[in-house]
Every structure is written in C-alpha cells, then in structure tokens.
1. Can you tell me which condition V63 does not meet? The list is (1) open to solvent by less than 10 Å² (accessible area, probe 1.4 Å); (2) not in a loop (DSSP other than H, G, I, E, B), and all the others hold.
2. Report yes if A72 is within 17 Å of T160 (Cα to Cα) and surrounded by fewer than 21 Cβ atoms within 10 Å (Cβ to Cβ), otherwise no.
3. Would you be able to say whether some residue in segment 137-144 is over 16 Å from I32 (Cβ atoms), of a type in the set (S, T, N, Q) and open to solvent by less than 50 Å² (accessible area, probe 1.4 Å)?
4. When segment 97-133 is examined, which residues are found to be assigned to a loop (DSSP other than H, G, I, E, B) and within 14 Å of L197 (Cα to Cα)?
5. Does K202 satisfy the condition of being modelled with pLDDT of 95 or more and either of a type outside the set (A, V, I, L, M, F, W, C) or surrounded by 11 or more Cβ atoms within 10 Å (Cβ to Cβ) (or both)?
6. Across segment 87-122, which residue is most open to solvent (accessible area, probe 1.4 Å) among those that are over 11 Å from I180 (Cα atoms) and touching a residue at least 60 places away in the same chain (Cβ under 8 Å)?
7. If you go through segment 241-264, how many residues are open to solvent by less than 10 Å² (accessible area, probe 1.4 Å) and among the polar types (S, T, N, Q)?
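The values are calculated or read from the model by the stated rules, or taken from the named source; none is laboratory data. Note that the structure is a prediction, hence the values are computed from the model and not measured. So basically every Cβ, Gly included, is an ideal-geometry build from the backbone, and we count neighbours across all protein chains shown. These area figures cover heavy atoms from the full protein model, side chains too; ligands, DNA and RNA do not enter into them. Shrake-Rupley method; radii C 1.70, N 1.55, O 1.52, S 1.80 Å.
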Amino acid sequence: MIHVVNTSNDPFFNHALEEYFLSEYDEEIFTIWINRPSILIGRNQNTFAEINSAYVSENNIDVVRRLSGGGAVYNDLGNMNFTFISKKSDDHSFSRFASPVIDALKSLAVGAQFTGRNDITIEGKKISGNAQYFYEDKVLHHGTLLYDVKMDKLTKALNTHPLKFQNKAVKSVSSRVANISDYLENKMDLHDFKAYLENYIKDTYSIKSSYILTSSDIEKIEEIAQKRFRTASWNFGKNKSYNISSSIVLSSGILDFNLAVKNNIIYDFKIFGDFFGENSIEELEMMFIGLELEKEKIYNALADICISDFIMGLDKESFISALIETTLDIKKKL
C-alpha cells in the first residue's frame, strides 16, 4: 500500500485525485485530505434537495458530487477525509476499512465504534460517515472525520430529508453528530491529529514511505476535475419534471422514486437516495422505460436482475413492493 500526500483543500481536485489513482494506479492507496467549506453529495442524491441553496451561495460553499453513494456531508477546515483504494476481496465491508481509523481513535482513549450501515460513532454520536465506489476489480472506500467542524454551519448548509428521522428519538442533525476533539483527553489541533492518524495507519499497513504528487500527476488530476467534478451537469444534474414522486425509508437507505407516467406507461424514471450499490443506478432506471406501472409487469421485466447490485441490501420483492405501494395513491389521481 502507498501513502499519497495530498495538501490540497480544493474539493474538486481532491475528488479527481481519488478517481485518478483508482483508474491509473495498480497499487493500493491510502491518503488523508482536508477540504475548504464544501458539501459532498452522494452519487445518487438530488443535489437541490440536499442543500440550503441560499445559504450555500451566500457563504461560498462548494458543492461537489462524489463517485460513491451515501448521504450528503459538510466539510470545512476543521474536518478531514480518509481514502483507501484496494483490490476487491472476500471482505470489502465498510467496517474493514473503518477499522484502522477506529483503532487509532481507541489508541487515544476515544471509545469509537462502527455502527449501522456506514457510521463511526462515539457515545452514540456520529463522527464519521463512510461510502464506497467500485471500479473494475477495485473498491474505493472513503470517509469523513468530524474533528473540529463548525456545527452551526453544518446544520444551516444541509437540508434534512423529511423521512430522515422518522421513528427516531433523535430529531436533528446537530443532536446526532459530534466533533472528535471534544473527546480527546490530550488536546491537539487538526493537523497534529491528521499526522497522528497518518502515522498510525502507515504503521498498521507497514507503509515505509509517502508518495508526493508529480507535476504530471497534478496535470492529469486537474484534467479529470475539469471534465467531471467542476461541471454543473455532474454536481447538480438535470432538473426534470415528473408527475409521480414518492419516498420510503428501507434498511438500505432512503429511496425517492420519480416517474413520468402517461397512460400507465413509464417514459422516464429516476431514483434518488442515500443508498449504496456496486452497479450504476442509471442502468436499473433504463430498464423501466416503456414498462407499465404494474407490479407483475415490472417483476417479469426484472426477472433476471439482482436489485442488490444496484441498491445494496435490497431484494427484488421489497424494491418492487416499495415502488408500487408508495406510488399507488398518486397513480390513482392521474
């Protein structure tokens, strides 16, 4: 495994760096990076629904869509992110990649643990969200670490999905997240903590040296940033019109179904949400074009499709039932 040194605070460049090493290097990679104020949108999310657009614009907060699924996160200079790029194996679970980070925190007497789908928590409060993206025979795993983030800006910059805290005792983002620095017995600033974490993980994986980006690397990374991560089409997508929209919370995450239906035929379909999946959700959406919005017809059309390849942890019956049941009342009004 190679430790890549990344001193950039540009979120567009930093996401391009991940793609560059994922696609261009065979070696396994580890890196830690810090973004200026920004919101990182999950690949399958509706950007407009996830951000407080007025606040984001007024405060010059960058918005960039990740390669990975999952939910939107706020970054600032009191936050850091870690990335592992590894060959796929029998175990590419979220907990596997989060483990060395948790161990590093425990070595500082911080009682961190992996919980739920993709979180690292301390005393029940989230300090890290993790996400993954698959490319050929590789997995890109990355996570955010709230160290000394300005929580007031975090809560103002992000919108909360109305279903996010359904049936939960905790009713706000601010009451369920925390900064790591609040739990440290021996205080250190962000950069000291970053250095500690880097060294801990380098020791864990017996990494003897660090890789410094060359001018050629930087040029190629910037080219990726310009083609993808700095573009409005990637970060915000197209604002289309749908006549059926519904939402549901499942164990795999929040799913927002958006359909354009005429005479009971689906002619456009979009699924938003904070779910994960190995395959592109666009592939699944295309399978619905031209289908009747009927359970049996959809089930037959998807007979050979494994839904969990697109939405991790979700089976076909649950997916189709959720789609039909949540859209049934709206469909009757058409």
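1. So the condition that V63 fails would be (1).
2. No; evaluated as a whole, the condition is false for this residue.
3. Checked segment 137-144: no residue is over 16 Å from I32 (Cβ atoms), of a type in the set (S, T, N, Q) and open to solvent by less than 50 Å² (accessible area, probe 1.4 Å).
4. Here is the first cut: in segment 97-133, the ones assigned to a loop (DSSP other than H, G, I, E, B) are 107-111, 116-118, 123-124.
Of everything in segment 97-133, those that are assigned to a loop (DSSP other than H, G, I, E, B) and within 14 Å of L197 (Cα to Cα) turn out to be S107, L108, A109, V110.
5. Details: modelled with pLDDT of 95 or more: yes; either of a type outside the set (A, V, I, L, M, F, W, C) or surrounded by 11 or more Cβ atoms within 10 Å (Cβ to Cβ) (or both): yes.
Yes, satisfied.
6. So, considering only residues that are over 11 Å from I180 (Cα atoms) and touching a residue at least 60 places away in the same chain (Cβ under 8 Å), the one most open to solvent (accessible area, probe 1.4 Å) is R117.
7. 1
So that you can scan it fast, the table gives a plain yes or no per residue for (1) open to solvent by 50 Å² or more (accessible area, probe 1.4 Å); (2) hydrophobic (A, V, I, L, M, F, W, C):
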position	(1), (2)
R176	yes, no
I180	no, yes
L197	no, yes
Y211	yes, no
T231	no, no
